[in-house]
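FYI, it's all coordinate maths here, none of it is from the lab. Predicted, not measured: the structure shown is a model, and the values here were computed from it. Methodologically, a virtual Cβ is constructed for each residue, glycine included, from the backbone with ideal geometry; neighbour enumeration extends over all protein chains shown.
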């Protein structure tokens, strides 16, 4: 079986934050609404991102619902950025390159 690279489906969330829809689940809008309705910046967890190795983009790996809630609340860019945690590129490469979830079998798609 010959492996191939699946075409990635990317979506810009806000500012320079993106999600890769080929490896992320769909957004649960009920969850976003709940976060938005109970929003407290002091209790807000960080949004974990990785910087793309070959693009000037940051991909959300944990916190897409929090990011969407902040977007809907029109949170200013400076406050938004204060809640980001961006992983080191070397860690990203170590973590994702050896077991790339986008590399799939051509016949089965898995």
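Could you tell me the ratio Rg/Rh of the range 3-90? Both radii from Cα atoms, Rh via Kirkwood. The Rg/Rh ratio comes out at 0.98.
With R₀ fixed at 25 Å, the C-beta to C-beta distance from residue 79 to residue 37 puts the FRET efficiency at about 0.85. Once Rg and the Kirkwood radius are both taken over the C-alpha atoms of the range 37-82, their ratio Rg/Rh works out to 0.99. Treating r as the C-beta distance of residue 54 and residue 21 and R0 as 22 Å, the FRET efficiency rounds to 0.75.
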